[in-house]
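Scroll down for the structure; my scribbles are underneath it.
The values are calculated or read from the model by the stated rules, or taken from the named source; none is laboratory data. Since this is a predicted model, take the numbers as computed values, not measurements. Heads up, the Cβs are rebuilt from the backbone with ideal geometry, glycines too, and the neighbour counts pull from every protein chain shown. What goes into the accessible areas is simple: the full protein's heavy atoms, side chains included, and nothing from ligands, DNA or RNA. Shrake-Rupley method; radii C 1.70, N 1.55, O 1.52, S 1.80 Å.
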Amino acid sequence: MAEAGTGFLEQLKSCIVWSWTYLWTLWFFIMLFLVYILRVPLKINDNLTTVSMFLNTLTPKFYVALTGTSSLISGLILIFEWWYFRKYGTSFIEQVSVSHLRPLLGGVDSSAPSSAGAASGEADSSRQSVSECKVWRNPLNLFRGAEYNRYTWVTGREPLTYYDMNLSAQDHQTFFTCDTDHLRPADAIMQKAWRERNPQARISAAHEALELNECATAYILLAEEEATTIVEAEKLFKQALKAGEGCYRRSQQLQHHGAQYEAQHRRDTNVLVYIKRRLAMCARKLGRTREAVKMMRDLMKEFPLLSMFNIHENLLEALLELQAYADVQAVLAKYDDISLPKSATICYTAALLKARAVSDKFSPEAASRRGLSTAEMNAVEAIHRAVEFNPHVPKYLLEMKSLILPPEHILKRGDSEAIAYAFFHLQHWKRVEGALNLLHCTWEGTFRMIPYPLEKGHLFYPYPICTETADRELLPSFHEVSVYPKKELPFFILFTAGLCSFTAMLALLTHQFPELMGVFAKAFLSTLFAPLNFVMEKVESILPSSLWHQLTRI
């Protein structure tokens, strides 16, 4: 019985919603007809006469105040709408309308799919969205003490956001701690140090841990945050390597004795890989590029399964510095695979190699006359592929947008990844003659192939809509985040801007020319109500004037 009542209510609600959705015009005319029939009992004509007499007694000052207040209110709404759009990328009025009014007027509830197929489709899209909006550790991240802090000392600006540093703290706790740390005093101190928010407290804890024992993670923290130069950081990492190798050998012998020993060995492996990778980065920054390449290759051979550090991206950058393009192609052949996650480094490096073969002789005028050769077509397609993956990169490579220091974490296909790539690879594009010219001539052609990038891609999944929000969290406030696709101003911002300007103009004209504006207002109102008066006269000529009295008699 209860189910039957619920079904009846749902059916009734759907009927009402359908009537309001499709028959609103009929409802409107019915209401007009009722108002016309009831005009005598409701004394509509008398009320209109009274209102018109009242309006005639008002002075021009009232109209100035009215239009001025309207302009002020619409201006405040415009300012709020603009602020909300700049911060959240959408209109507040639009969002409220879609979220609250649309369900009342019969909008489709996206949370209740109509079939199992729709449910599975939504699940797939949500999984895709989560994977594409995952934040990754920047494989080329800078040193806090030697690079980020020096930038702060010079400019007074903080290059890292709290969200970015909080993610790094979580990474450090994941990589450099384990459940058995409380059994060793130095590791127990470092376990607390990685959770500290105050940099000085972390550094003091690292020194305290070193007083107890040669702790590899303590040396890592000091190299990352206390060392003010790359040379100092490298010395500390070498000390960390000595301590880390000893811990790794001991835990390697005991890793099969239980779950705790296995977890400790995993932690020691992460520590050792991190130290060797950072030492290779120090060698690269200090100009010993060949040594850095050898260290990275050895590290990838020794620990081939630890792909989470993305060491191959460090290797690609170092090989490009050596101009060892054959070796770069060999690395790309291994990692630019359809089954592996892509990155801007992989896509744009592949485009650079193909552009290198034709860029020195490329001319847009000649190409338009004779058409593109096979090699030029391959280069253009590679550029289009890279731009589709991350459309923010070309503006930084072409220096149409200023660079900042890259964050410690990046969002793939987002502005943060574009900054991290261009910061290290711009010099490699400049070194290849004509590469930037080819990029400048062809990169915008990508957007003609994907007119609706949020709905359908060409070679990749549709562009994720979450990149702007995540990039605003990762990048400092003084940087203008690149947004793709470029959002047009919402209708309500344009509407409130026009309303504010129009009412302000009316207030000014009414204040300056009160009599002329009065004549204009009367002429405008008479013209506006002329069609309505004409319809009323026709209706009265058709219907008897005493229709209401006849209906009451019946």
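Table for the structure above
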{"quantity": "Extension gain, residue 155 back to residue 65 (0.36 nm per residue minus Cα-Cα distance, nm)", "calculated": "27.5 nm"}
{"quantity": "Per-residue SASA entry for residue 235, accessible area with 1.4 Å probe, Å² rounded to 10", "calculated": "130"}
{"quantity": "Dipole of the stretch 335-488 [Lys/Arg +1, Asp/Glu -1 at C-beta], most positive-end residue of 419, 447, 405", "calculated": "447"}
{"quantity": "Shape category assigned to the stretch 139-324 from the gyration tensor of Cα positions, a/c cut at 1.5", "calculated": "oblate"}
{"quantity": "Count, lysine Cα pairs under 23 Å in the stretch 291-364, 8 or more residues apart or across chains", "calculated": "6"}
{"quantity": "Mean accessible surface per residue for the stretch 154-298, computed with a 1.4 Å probe while every protein chain stays in place, in Å²", "calculated": "52"}
{"quantity": "Largest-first ordering by accessible area, 1.4 Å probe, given options 164, 336", "calculated": "336, 164"}
{"quantity": "Relative packing of 345-355, 222-232, 146-156, which averages over residues the other C-beta atoms within 10 Å, highest first", "calculated": "345-355, 222-232, 146-156"}
{"quantity": "Separation of the residue 8 and residue 25 label points, Cα + 7 Å toward Cβ, nm", "calculated": "3.4"}
{"quantity": "Whole-Å distance, taken between Cα centres, linking the stretch 386-409 and the stretch 310-382", "calculated": "17"}
{"quantity": "Solvent-accessible surface ranking, highest first, for 32, 167, 142 at 1.4 angstrom", "calculated": "32, 167, 142"}
{"quantity": "Using θ = phi - 60° and Karplus 6.51 cos²θ - 1.76 cosθ + 1.60, couplings along the stretch 230-236 (whole Hz; Gly, Pro as x)", "calculated": "5, 5, 5, 4, 5, 4, 5"}
{"quantity": "Solvent-accessible area of residue 331 with every protein chain in place, 1.4 Å probe, in Å² to the nearest 10", "calculated": "10"}
{"quantity": "Residue 455 accessible area, 1.4 Å probe, all protein chains in place, Å² to nearest 10", "calculated": "140"}
{"quantity": "Listed residues 257, 287, 223: farthest to the positive end of the dipole of the stretch 139-324 (Cβ charges)", "calculated": "287"}
{"quantity": "Dipole magnitude of the stretch 335-488, debye to nearest 20 (Cβ charges: Lys/Arg +1, Asp/Glu -1, about Cα centre)", "calculated": "380"}
{"quantity": "For a label point 7 Å along the Cα-to-beta-carbon line of residue 431, residues of the stretch 284-302 with backbone N under 20 Å", "calculated": "284-298"}
{"quantity": "The stretch 351-454, relative contact order in percent, only Cα pairs under 8 angstrom and at least six apart counted", "calculated": "36"}
{"quantity": "Student exercise, the stretch 406-479 dipole from Lys, Arg, Asp, Glu Cβ charges, in Debye to nearest 20", "calculated": "240"}
{"quantity": "Unit charges at the beta carbon, dipole of the stretch 139-324: most positive-side option, 212, 314, 199", "calculated": "314"}
{"quantity": "Largest-first ordering by accessible area, 1.4 Å probe, given options 247, 215", "calculated": "247, 215"}
{"quantity": "FRET efficiency, 1/(1 + (r/R0)^6) with R0 51 Å, evaluated for residue 449 and residue 183 via beta carbons", "calculated": "0.30"}
{"quantity": "Probe 1.4 Å, accessible area per residue of the stretch 335-488, Å²", "calculated": "46"}
{"quantity": "Highest to lowest packing among 365-374, 414-423, 202-211, scored as the average C-beta count within 10 Å", "calculated": "414-423, 202-211, 365-374"}
{"quantity": "Under 15 Å from residue 235, Cα to Cα: aspartates and glutamates that are on another chain or at least 8 residues apart", "calculated": "214, 224, 225, 226"}
{"quantity": "Out-of-range pairs (alpha-carbon distance over 32 Å; input 238/395; 276/395; 285/395; 238/430; 285/456)", "calculated": "238/395; 276/395; 238/430; 285/456"}
